[in-house]
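J.: Handing you this structure, nothing more for now.
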Amino acid sequence: MLELAILGFLVEGPLPGHELRRRVAQLSGYTRPVSDGSLYPAINRLTRAGLIERRADPAAGAARYVLSLTAAGRADILQRLRKPADHEITDFTRFYVVLAFLSHLPDVAEQHAVLRRRLEFLEEPASFFYDNERPLRAEEVADPYRRGMLLTARATSRAERTWLRETLGEKPPAFDTACTDNDLHAPATPAS
């Protein structure tokens, strides 16, 4: 996720390191704070791999530099966006990082292929809680806080599926207005 965010912001143009850090931190939000201990090693990995280049920025002062994407970096981010890993499709926060840069894919059909993968994932029955292998619905859970988790996840999943279908130019299935098992999908499933 961190490497994708770095490459994603740099595809939009060169940035000083401190500005890149600010943008990555804003994108990841409070749920996954970005530390210098993870950001700068990721920048160094991407630099060693030839995906980004770092050059001194004398106008900004000592020890300041500007990062930019190389041709190999541009090809790499496009490939990452075309074929996100499964955990980048199933994890809510990781998918949002993909979504933040998906418009950089020049082919709308490729963009829609990624959105369809997310929609297919969201349409699979899931829950935070199970009775053996069967996902439990909010109405089946007595604990008010667990029920709240399920109701919130249901609303989030419905809203996202509606947006995905609209973006893909698809009509919602007739059953989507009813309370269905696929409404149980948790927005932040753990990464595999």
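The values are calculated or read from the model by the stated rules, or taken from the named source; none is laboratory data. These numbers come from a predicted model, not from an experiment. Methodologically, a virtual Cβ is constructed for each residue, glycine included, from the backbone with ideal geometry; neighbour enumeration extends over all protein chains shown. What goes into the accessible areas is simple: the full protein's heavy atoms, side chains included, and nothing from ligands, DNA or RNA. Shrake-Rupley method; radii C 1.70, N 1.55, O 1.52, S 1.80 Å.
J.: Among Phe92, Phe129, Phe101, whose mean-square fluctuation peaks in a Gaussian network model of the chain (Cα, cutoff 10 Å)?
T.: Comparing Phe92, Phe129, Phe101 in the GNM, the peak value goes to Phe129.
J.: Towards the positive end of the charge dipole of the chain, with charges on Cβ (+1 Lys, Arg; -1 Asp, Glu), say which of Leu27, Ser38, Thr90 has the farthest Cα.
T.: Ser38
J.: Quick check for me: using +1 on Lys/Arg Cβ and -1 on Asp/Glu Cβ, what's the dipole size of the chain about its Cα centre, in debye to the nearest 20?
T.: Dipole about the Cα centre, nearest 20: 720 debye.
J.: Please give the length that would be gained between Arg54 and Tyr145 if that part of the chain were fully extended, namely 0.36 nm times their separation in residues minus their C-alpha to C-alpha distance (nm, one decimal).
T.: 27.9 nm
J.: Which of the listed residues, Tyr65, Ala113, Gln79, is farthest toward the dipole's positive end in the stretch 54-147, when Lys, Arg count +1 and Asp, Glu count -1 at the beta-carbon?
T.: Of the candidates, Tyr65 comes out farthest on the positive side.
J.: Select from the stretch 1-98 those trypsin sites (Lys or Arg not before Pro) which occupy a DSSP coil region and have at most 15 other Cβ atoms within 10 Å, ordered by residue number.
T.: Arg64
J.: If N is the number of residues in the stretch 1-150, what value comes out of its Cα radius of gyration divided by 2.2 N^0.38 Å?
T.: Taking the Cα Rg and dividing by 2.2 N^0.38 Å, one obtains 1.30.
J.: Then there's this: Using only protein heavy atoms and a 1.4 Å probe, report how much of Thr152 is accessible, in Å² to the nearest 10.
T.: 90 Å²
J.: Still on this structure: How large is the charge dipole for the stretch 4-53, taken about the Cα centre, if only the Cβ atoms of Lys, Arg (+1) and Asp, Glu (-1) carry charge, to the nearest 20 debye?
T.: Value, rounded to 20: 140 debye.
J.: Now for a different question. Just tell me, in residue order, which DSSP H segments of the chain are both 20 angstrom or longer along the helix axis (alpha-carbon based) and at least -0.5 in mean Kyte-Doolittle hydropathy.
T.: 108-122
J.: Looking only at Ala126, Ala56, Ala42, which one moves most when the chain is put into a Gaussian network model with springs between Cα atoms under 10 Å?
T.: Ala56
J.: Also: Compare Ala142, Ala72, Ala153 in a GNM of the chain, Cα atoms joined below 10 Å, and give the one with the largest fluctuation.
T.: Ala142
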